[in-house]
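One structure is given here, and the rest of the page talks about it.
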Amino acid sequence: MHALHEPMHPNTDAQAIARGLGWFSIALGLAELAAPRRIRDETGAPAPTGLVRAFGWREIATGVAILAARRPVAMVWARVVGDVADLAVLAPTLNRDNPHRAGGAGTFAAVAAITLLDLCIALQGDETR
């Protein structure tokens, strides 16, 4: 019973990583806004440039939300949701008939790895016992 009454402490390591992910989101979002066609073409993603720009705005908003939050780790869940959307858009790049399949597979693998990082951080929470 004693463990249930222990005070909660900030999970400063997870919060620091969450803030880093916030800055990463902003940088990625700016890149998606600045060069949506190039990003689409290099990844082989079958997405209109408008969708790439929309993802850029989503990344920036998510990054700002993480940086502004009192509980930044909790806000990383927004990145996880965005990652799932990114993976859904990138999945067709893995098709054998995609001439940019190698780039698409690399991008898909990178986003999958980032998704795992985001998920691991989000699951830690902002506080520990």
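Some observations on this one:
- Within the range 21-44, residues that are in contact (Cβ under 8 Å) with a residue 60 or more places away in the chain and of a type outside the set (Val, Ile, Thr) sit with their Cβ atoms under 7 Å from residues that are surrounded by 14 or more Cβ atoms within 10 Å (Cβ to Cβ) and not in a helix (DSSP H, G or I), at 6+ positions apart or across chains, in these pairs: Gly44/Asn98; Gly44/His100.
- Residue in the range 5-20 that is farther than 25 Å from Glu127 by Cβ and either within 16 Å of the chain's Cα centre (by Cα) or surrounded by fewer than 16 Cβ atoms within 10 Å (Cβ to Cβ) (or both) present: no
- Taking the range 33-42 as the range and being crowded, with 19+ Cβ neighbours inside 10 Å and either hydrophobic (A, V, I, L, M, F, W, C) or within 12 Å of Ala61 (Cβ to Cβ) (or both) as the test, only Ile39 passes.
- Meets criteria (touching a residue at least 12 places away in the same chain (Cβ under 8 Å), part of a helix (DSSP H, G or I) and either crowded, with 18+ Cβ neighbours inside 10 Å or at positive phi (or both)) for Gly103: no
No value in this document is a laboratory result; all are computed from the given coordinates. Because the structure is a prediction, the values reported are computed rather than measured. Here Cβ is always computed from backbone atoms with ideal geometry, including for glycine, and neighbour counts include all displayed protein chains.
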